[in-house]
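Novice: I'd like to ask some things about the structure below.
The values are calculated or read from the model by the stated rules, or taken from the named source; none is laboratory data. Since this is a predicted model, take the numbers as computed values, not measurements. Here the Cβ positions follow ideal geometry from the backbone for every residue, glycine too, while neighbour counts run over all protein chains shown.
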Amino acid sequence: MPAAAPTRISTLSEGEGLVYGCDYNPEQWDRSVWPEDIRLMREAGIGLVAINIFGWSTINPGEGRWDFSGLDEIIELLHAAGIRINLGTGTASPPPWLTAQHPEILPQGPDGTVFHQGGRQGYCPSNPVFRAHAAEVVRQVVARYGSHPAVALWHVSNELGCHNALCYCAASTLAFRDWARERYADDIDALNRAWGTSFWSQRYGSFDEVQVPAQVLSLRNPGQVLDFQRFSSDEQLALYRAEAGIIRAGSGIPVTTNFMVTAHIRTLDYWSWTADMDLIANDHYLDGRLANSRQELSFAADLTRGLAAGDPWLLMETSTSAVNWQPHNFAKEPGELQRNVASHLARGADGICFFQWRASTQGAEKYHSALLPHAGTDSDVWRESVELGRMLQGLGEIAGTRVAADAAVLFSWENWWAVENEGRPSEDLRYLDQVHAAHTALADAGIVADLVRPGADLDGYRLIVVPALHLVRDAEAAVIARAVERGATVLVTFYSGIVDEEDRVRTGGYPGAFRELLGIRSEEFAPLAPGERVSLSDGTDASVWTERLRTDGAEAVALFADGPSVGRPAVTRHAHGAGEAWYLATQPSPDAYRALVARLAESAGIAPQPGAGPDVDIVRRFGEHAAYRFVINHGSAPVDIAAEGSELLTGVTVTGALTVPAGAVRIIKEDV
Ligand code: GLA
C-alpha cells in the first residue's frame, strides 16, 4: 500500500532543515576506523547515512546463516552520535554462495551470454529463487531494525535495474509470457494484432510460443520490443513492491529507493513507480560524455521534481568530484560542486546526499571521489565537504518551499523506447536530444518548466512543449488539445503523434494525433544526413529533420529555404480555441530555439526570469512568506541582477542590484 501522503523530507534531518547525507560502507573498513568516521561525519554536519546497501554477503554469509553484529554496532554508533539512518534492505547484490548454489539466477544478455558472479546486481529480476532469497533478507532486516529510533528511511535495494533491467533468460521468458497473457487478457489474437505479427510470418498460435526479443538476424519486431521494455520496467517495479510490502508489514518508517533519472539509463518508466514511493529520491552524476552536462543536471532535477508532483525530493547520490565509470572521469573545478548542489536545491531538492562517505581503497570504485578522499582531511575536497555542510545548515529555511512553473514539457519513458525502436527514419532521432533541446531553450530563455507525463492535467500551464512525442494515446492527445482550447500555447515538435499505444502508425497524413490541432498535414519524412544543415526563410538554420509538410488551416511562420523539403513549412502556427498550436518540423540551432520559445512565452504572458541566459541559471522557490531566488553563474564574467532582499550565503542586504561573481551562487530571499 502506498503511503497516504508524501513524507516531508526535512523530517529526515534532525534539525528539520535540509538533509546532508551520504552512503557509508563500514563493512569495507576495520572496526577501529568507525569511531573516526562518526567523529568526522559530525564535523562535516552529516545528518543521514545510508548503510547496508551492499550488505547481503556480510549479514547473510551462507544459507540460513545470519550475522548482524557489525550492523548492530554501526547502527548504535550512528544513533549515539545523533545521525539518522537510511537503511538499505541489503539485496542489491546476491552473495557468491547463492549464485554458486543457484546459477540459474544469473542474468542473460540478448545473445545468450550469461553474466557471471563477480560484478554487482548479478541476478535475473524475474527469477523466483532470487526473489525468495531477497524477500528473506528483507524480512530479517525489518524484524531486527523495523522500529529502531535511528532509522529514518528505508532504502530498497539499490538503483533497481541499473545493470540487469533487460534479461533474456528462461525465467524472464516465462515471466514475459505471463505478463503478455495478462496484458492481452489471454487472447493470443490480441497480441498478434498489437505486435503486427502478420509481417514477416511472425503469427503466434499460443502464448507458449512467445519469446523475449533476443538477438535475431534482422531487425526485431518493434511491438514485441516495446512490450518487452514495458514488461522489464514492471518486473523491476515488482521487485520494489515486494520489498516495500514486507517493510510496510513490519515497520512504519517511510520507504523509498534511488531512481536513476539520468541520460544513460532509460529502462524504467518511473511515472508508474511514484505511487508506491513515500518520497522521491534520485541519483545524479554529471556526465562528462555529454555536450552540456550541467543542462542535463537541470533537466534531471526538473524531471525528479515532476516525479515528486512538485513536492520536495531527495538527491540520494551524487559525487563530490570525479566518478570512475565514464571513459574520462573529470575532477570538478573549484566552485563546481557548489553550483551543482545549488542547481538541485533550486529545482526542489530538500536534501543532498553523496556516494560515498570515505573513498574505497579496494574494489571497482576505488577511484571514485568521496566526501572524505584518499588524501584525508588535509584536502580541498574535505574542506569543501565541511563547507557544504555549513551551507546546507544555513539554508534550512528553504526546506519545504516549492518551485512554481508556468511552462510544462511533456516527457515519457515509454515514448523514449518508441522513438528509438529499430527501423526508425534516422539514427539521429534521439529522444533525449529533442527533450534536452526544448528544456535548454526554455531554461536559457529564463523560463522554468515542469516535466509532466502525457495525459497529466495541464491546467495552470500557459506554455506547453511537446518534443518528439511519437507514441501518444488518443486520450493524451485530447488533454493537449483541451489545454490549447482553454487558451494555452503549445509547441509540438517533429516525429510527434505518429503512432498509437501499440506502435501502429496513424494513417491519413502525419502527425496523425495532432493534425487537426496543428492545422497541418505531412506526407513524408525527409531527414537530413549527419551534420547536414538547412536554411530557413527567417534566416536561421536547422539540422536533423525536415518533412514534406503543408498547412491545412495553419499559417506558415518560416519555410525551408533549401534542402530536401525546400519551400515547405518548417514552423507553423494555428489558432485553436482560445490558444495557439505551433509546430516545429526541424531542429533549430540553440539560439533560434531559445528565440522561438521566448516569443511563445511572451505571447502566452509568461515573464522570463530577468538576467537568465545560457550561462546564468535563475530559479525561484516559493514559501508562505518569502521567495528564494537562486542565481547560479556558470560563466566566466560577473553578472548584475536587479534584486531586493537579503542574500543567504553572504548575509548582505540587497537594495536594487546584486553582482554575482563568475562561477558563484547567490540565493536572494525576497518578500512575496
Ligand atoms: C551508483 C550506485 C553506487 C555507486 C555510484 C558510483 O549511484 O548506486 O553504488 O556505484 O553509482 O557513481
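Novice: Of all the residues that make up the stretch 79-97, how many are surrounded by fewer than 20 Cβ atoms within 10 Å (Cβ to Cβ) and within 15 Å of the ligand (Cβ to nearest atom)?
Specialist: Residues in the stretch 79-97 being surrounded by fewer than 20 Cβ atoms within 10 Å (Cβ to Cβ) and within 15 Å of the ligand (Cβ to nearest atom): 0 in total.
Novice: Just wondering, is there one or more residues in the stretch 197-216 that are of a type outside the set (Ser, Thr, Tyr), within 16 Å of the ligand (Cβ to nearest atom) and under 26 Å from ARG504 (Cβ atoms)? Step through it out loud before you land on a result.
Specialist: From the stretch 197-216, those of a type outside the set (Ser, Thr, Tyr) are 199-200, 202-203, 205, 207-216; that's our starting set.
Next, only the ones that are within 16 Å of the ligand (Cβ to nearest atom) stay: none.
No, the conditions are met nowhere in the stretch 197-216.
Novice: In this structure, is SER343 under 21 Å from the mean Cα position of the chain (by Cα), small (Gly, Ala, Ser), within 11 Å of the ligand (Cβ to nearest atom) and under 22 Å from ASP617 (Cα atoms)? Spell out how you get there, then give the answer.
Specialist: On the way: under 21 Å from the mean Cα position of the chain (by Cα): yes; small (Gly, Ala, Ser): yes; within 11 Å of the ligand (Cβ to nearest atom): no; under 22 Å from ASP617 (Cα atoms): yes.
In short, no.
Novice: Regarding ALA291, is this residue surrounded by fewer than 21 Cβ atoms within 10 Å (Cβ to Cβ), over 16 Å from the mean Cα position of the chain (by Cα) and either modelled with pLDDT under 95 or among the β-branched types (Val, Ile, Thr) (or both)? Outline the logic, then answer.
Specialist: On the way: surrounded by fewer than 21 Cβ atoms within 10 Å (Cβ to Cβ): yes; over 16 Å from the mean Cα position of the chain (by Cα): yes; either modelled with pLDDT under 95 or among the β-branched types (Val, Ile, Thr) (or both): yes.
Answer is yes for this residue.
Novice: Looking at this structure, is GLU502 closer than 21 Å to ASP474 by Cα and acidic (Asp, Glu)? Explain how you work it out, then say what you get.
Specialist: Working: closer than 21 Å to ASP474 by Cα: yes; acidic (Asp, Glu): yes.
Judged against the criteria, GLU502 is a match.
Novice: Pull up the stretch 247-297, narrow it to residues that are over 30 Å from PRO149 (Cβ atoms), assigned to a loop (DSSP other than H, G, I, E, B) and of a type in the set (D, E, K, R), then point me to the one that is farthest from the ligand (Cβ to nearest atom).
Specialist: ASP269
Novice: Of everything in the stretch 351-360 that's part of a loop (DSSP other than H, G, I, E, B) and touching a residue at least 24 places away in the same chain (Cβ under 8 Å), which residue is farthest from the ligand (Cβ to nearest atom)?
Specialist: Applying the filter and picking the extreme gives TRP357.
Novice: In addition: Would you point out which residue out of ILE74, ILE38, ILE51 is within 16 Å of the ligand (Cβ to nearest atom), hydrophobic (A, V, I, L, M, F, W, C) and free of Cβ contacts under 8 Å to residues at least 60 places away in the same chain?
Specialist: ILE51
Novice: Does LYS332 satisfy the condition of being within 25 Å of the chain's Cα centre (by Cα), outside the structural domain of ASP457 (by TED's automatic domain parsing) and at pLDDT 95 or above? Write out each step before concluding.
Specialist: Details: within 25 Å of the chain's Cα centre (by Cα): yes; outside the structural domain of ASP457 (by TED's automatic domain parsing): yes; at pLDDT 95 or above: yes.
Judged against the criteria, LYS332 is a match.
Novice: Return the residues of the stretch 170-191 that are among the hydrophobic types (A, V, I, L, M, F, W, C) and farther than 18 Å from PRO222 by Cα; say none if nothing qualifies.
Specialist: Filtering the stretch 170-191 down to residues among the hydrophobic types (A, V, I, L, M, F, W, C) leaves 170-171, 174-176, 179-180, 185, 188, 190-191.
ALA170, ALA171, LEU174, ALA175, ALA185, listed by residue number.
Novice: In this structure, is ALA300 in the same structural domain as ALA346 (by TED's automatic domain parsing), of a type in the set (Gly, Ala, Ser) and away from the ligand (no atom under 14 Å from the Cβ)?
Specialist: Details: in the same structural domain as ALA346 (by TED's automatic domain parsing): yes; of a type in the set (Gly, Ala, Ser): yes; away from the ligand (no atom under 14 Å from the Cβ): no.
No.
Novice: Here's another thing I want to ask about it. Of everything in the stretch 165-205 that's on the phi > 0 side of the Ramachandran plot and assigned to a loop (DSSP other than H, G, I, E, B), which residue is surrounded by the most Cβ atoms within 10 Å (Cβ to Cβ)?
Specialist: Of all residues in the stretch 165-205, those on the phi > 0 side of the Ramachandran plot come to 185-186, 196, 200-201.
Still in the running and assigned to a loop (DSSP other than H, G, I, E, B): 185-186, 196.
On the way: ALA185: 8, ASP186: 11, GLY196: 16.
Filtering first and then ranking leaves GLY196.
Novice: For the stretch 611-651, which fully contained strands (runs of 3 or more DSSP E) count at least 2 residues that are of a type in the set (D, E, K, R)? Can you show your working first?
Specialist: Values: elements: 616-622, 626-633, 639-647.
Per the criteria, 616-622, 639-647.
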